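Chemist: Here you go, one structure.
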Amino acid sequence: MSDSVVKTDEKKQHFDDIYVADSPVPFKEQILDALDYVSDDFNRQTFDRLILPWAQQQTADGTPLNFVDLCACFGNTTMATLYGMDFQAIRHNWRDRESALQIDAERRFPAHVSAIDISGNALAYGKAAGLYDETVEADLNAPSPEVRQAAEGAMAEADIVISTAALVYLEPEAIARLLDAFASKRGEGYMLVNFLNPFALEMADATKRMLLERLEFVGSMASRHRRMSALEQENYPGEAWSLLEIWVLRRKG
């Protein structure tokens, strides 16, 4: 990742070297461990309350749902929501390179998982580990026509989309295109998204408006995300934790 292709908030810590690693172990050590990245416990709780019962009912006959992890990186939130793993289980699974290559849990309902992200290495890991069935490597802010078609095609076929602590990296035009694609499908479908605090609050407000224009609000939860880095604590004096607002929305009609 670089500032030339990813929209960034300079007051927020960026972990470019971690995101392009070929293993999730640096992510585990420098983010999950060092910064107590506990938010996936709350993503899982919100998913279990507002999406999981529907998903399990829909797949009772074995027919899989189309599950999209948007800006997926190494897939920790897919592990939390689809596999039901908590923060400690994810950390243990990623304790070293060898253990990370096999997921220590089963999918809780049949799903075809598509992951969309800018990091080819992270996507390659997720596919090798069995987290992802299909991947789209994409700079969503400046995609080629072919990549844009693939990303929007995955969104248009999705029954469930998760995008956690990631929309802050996308331009409004990119967010609008992806939401329009998801909203275009007929039938029930759900999206779980996160908003960070105190980072990029104006952008979060604009994204909320776009979501509410296209989708129906279902429910929300406020939680801790992770501890702030030294840089972030310097930029936001008196703050120790980055907080998270978790929303679930569904397609209208």
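The values are calculated or read from the model by the stated rules, or taken from the named source; none is laboratory data. None of the values given here were measured: they were computed from a predicted structure. So basically every Cβ, Gly included, is an ideal-geometry build from the backbone, and we count neighbours across all protein chains shown.
Chemist: Residues 89, 122, 105, 129: which one is buried (at least 21 other Cβ atoms within 10 Å of the Cβ) and either among the hydrophobic types (A, V, I, L, M, F, W, C) or touching a Leu at 6+ places or on another chain (Cβ under 6 Å) (or both)?
Modeler: Working: 89 fails: buried (at least 21 other Cβ atoms within 10 Å of the Cβ); 105 fails: buried (at least 21 other Cβ atoms within 10 Å of the Cβ); 129 fails: buried (at least 21 other Cβ atoms within 10 Å of the Cβ).
Of 89, 122, 105, 129, the one residue that is buried (at least 21 other Cβ atoms within 10 Å of the Cβ) and either among the hydrophobic types (A, V, I, L, M, F, W, C) or touching a Leu at 6+ places or on another chain (Cβ under 6 Å) (or both) is 122.
Chemist: Out of curiosity, is residue 43 of a type outside the set (Ser, Thr, Tyr), in contact with a helix residue (DSSP H, G or I) (Cβ under 7 Å, 6 or more places away or on another chain) and without any contact (Cβ under 8 Å) to a residue 60 or more places away in the chain?
Modeler: Here the answer is no, as residue 43 does not meet what is asked.
Chemist: Run down 181, 165, 176 and say which single residue is modelled with pLDDT under 95 and not basic (Lys, Arg). Spell out the reasoning first.
Modeler: Numbers: 181 fails: modelled with pLDDT under 95; 176 fails: modelled with pLDDT under 95.
Sole residue among the options that is modelled with pLDDT under 95 and not basic (Lys, Arg): 165.
Chemist: Failed condition for residue 140, given (1) out of contact with any Pro (no Cβ under 8 Å at 6 or more places or on another chain); (2) outside any loop (DSSP other than H, G, I, E, B); (3) within 13 Å of residue 179 (Cα to Cα), with all others met?
Modeler: Every listed condition holds for residue 140 apart from (2).
Chemist: Still on this structure, I have one more. Within the stretch 160-208, how many residues are hydrophobic (A, V, I, L, M, F, W, C), farther than 14 Å from residue 71 by Cα and part of a helix (DSSP H, G or I)?
Modeler: Here the count works out to 8.
Chemist: Another question about this same structure. Can you give me the ranges of the helices (runs of 4 or more DSSP H) entirely in the stretch 1-120 with at least 3 residues that are within 15 Å of the chain's Cα centre (by Cα) and either modelled with pLDDT of 95 or more or closer than 26 Å to residue 141 by Cβ (or both)? Walk me through it before giving the result.
Modeler: Values: elements: 16-19, 39-50, 52-58, 76-81, 87-93, 97-100.
Of the helices (runs of 4 or more DSSP H) lying wholly inside the stretch 1-120, those with at least 3 residues that are within 15 Å of the chain's Cα centre (by Cα) and either modelled with pLDDT of 95 or more or closer than 26 Å to residue 141 by Cβ (or both) span 39-50, 76-81.
Chemist: Hey, could you check the stretch 47-83 for residues that are among the aliphatic types (A, V, I, L, M) and in contact with a strand residue (DSSP E or B) (Cβ under 8 Å, 6 or more places away or on another chain) and say which is nearest to residue 174 (Cα to Cα)?
Modeler: The initial filter retains those residues of the stretch 47-83 that are among the aliphatic types (A, V, I, L, M), namely 50-52, 55, 60, 65, 68, 70, 72, 79-80, 82.
Of the ones still in play, those that are also in contact with a strand residue (DSSP E or B) (Cβ under 8 Å, 6 or more places away or on another chain) are 50-51, 55, 65, 68, 70, 72, 82.
Numbers: 50: 26, 51: 25, 55: 27, 65: 24, 68: 16, 70: 12, 72: 16, 82: 25 Å.
Across the stretch 47-83, the extreme among qualifying residues is 70.
Chemist: Moving to a separate point now. Please verify whether residue 180 is over 23 Å from residue 31 (Cα atoms) and either crowded, with 19+ Cβ neighbours inside 10 Å or of a type in the set (Phe, Trp, Tyr) (or both), treating the condition exactly as stated.
Modeler: Values: over 23 Å from residue 31 (Cα atoms): yes; either crowded, with 19+ Cβ neighbours inside 10 Å or of a type in the set (Phe, Trp, Tyr) (or both): no.
It is false that residue 180 is over 23 Å from residue 31 (Cα atoms) and either crowded, with 19+ Cβ neighbours inside 10 Å or of a type in the set (Phe, Trp, Tyr) (or both).
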